[in-house]
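Peer 1: Sharing a structure below in structure tokens format, with a few things to ask.
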Amino acid sequence: MPWRLTVRSGPRVDKDRFDGLEPALEALEQRGRELADTAPRGKLDAKIREFEPVQQVVARLEVSGPQMLMPRAHAGVDVRGDGSTEAYVGRVRRAVIEQRSDEDAFAALRRVLGDESQPRRQSQGSPR
């Protein structure tokens, strides 16, 4: 089951394939932490409006899979201009993953994708 990791940082886009979800998440976390450590921490002046570092997404790391044509899972981590990270699910409509008190964005992503990678069981209704 191939999983794809896409890393967008500025104009650069890198894509890698992994045989399993865990290696893909390990690579995402390693690259995400590197990008967070080197994130620019300044305001962006667009002449009309200034953007604070936390409002800027300087890198987006996305994992998708396991299918190639119609992946069931799309999720990732955004690295902000201040070095903070935020996990999300979805591709077109992104939803932020709420972090628990004992986890960071990478742990929250692992928790949600771990739940989604398990086969969903159909509940058996009670016979009438």
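The values are calculated or read from the model by the stated rules, or taken from the named source; none is laboratory data. Everything numeric here is computed off the predicted structure, so don't read it as measured data. No Cβ is skipped: glycine too gets one built from the backbone with ideal geometry, and neighbour counts run over all protein chains shown.
Peer 1: Determine whether region 36-58 contains at least one residue that is at pLDDT 90 or above, surrounded by 18 or more Cβ atoms within 10 Å (Cβ to Cβ) and within 11 Å of the chain's Cα centre (by Cα).
Peer 2: Within region 36-58, none of the residues are at pLDDT 90 or above, surrounded by 18 or more Cβ atoms within 10 Å (Cβ to Cβ) and within 11 Å of the chain's Cα centre (by Cα).
Peer 1: In addition: Within region 104-122, can one find any residue that is in a loop (DSSP other than H, G, I, E, B), at pLDDT 90 or above, over 21 Å from ARG4 (Cβ atoms) and more than 10 Å from the chain's Cα centre (by Cα)?
Peer 2: Yes: one or more hits.
Peer 1: Restricting to region 18-44, name every residue that is part of a helix (DSSP H, G or I), touching a residue at least 24 places away in the same chain (Cβ under 8 Å) and among the hydrophobic types (A, V, I, L, M, F, W, C).
Peer 2: LEU21, ALA24, LEU25, LEU28, LEU35, ALA36
Peer 1: Another question, then. Could you grab me the full set of residues in region 59-93 that are among the charged types (D, E, K, R), under 10 Å from the mean Cα position of the chain (by Cα) and more than 14 Å from LEU5 (Cα to Cα)?
Peer 2: Once the filter is applied, which keeps residues that are among the charged types (D, E, K, R), under 10 Å from the mean Cα position of the chain (by Cα) and more than 14 Å from LEU5 (Cα to Cα), region 59-93 yields only GLU86.
Peer 1: Hey, any hits in region 89-98 for a residue that's in a loop (DSSP other than H, G, I, E, B), in contact with a Phe, Trp or Tyr (Cβ under 8 Å, 6 or more places away or on another chain), among the hydrophobic types (A, V, I, L, M, F, W, C) and free of Cβ contacts under 8 Å to residues at least 24 places away in the same chain?
Peer 2: Within region 89-98 (the criterion being in a loop (DSSP other than H, G, I, E, B), in contact with a Phe, Trp or Tyr (Cβ under 8 Å, 6 or more places away or on another chain), among the hydrophobic types (A, V, I, L, M, F, W, C) and free of Cβ contacts under 8 Å to residues at least 24 places away in the same chain), the answer is yes, since at least one residue qualifies.
Peer 1: A further question on this structure: Considering each of LYS15, LYS47 in turn, give the residue that is in a strand (DSSP E or B) and more than 17 Å from ARG111 (Cβ to Cβ).
Peer 2: LYS15
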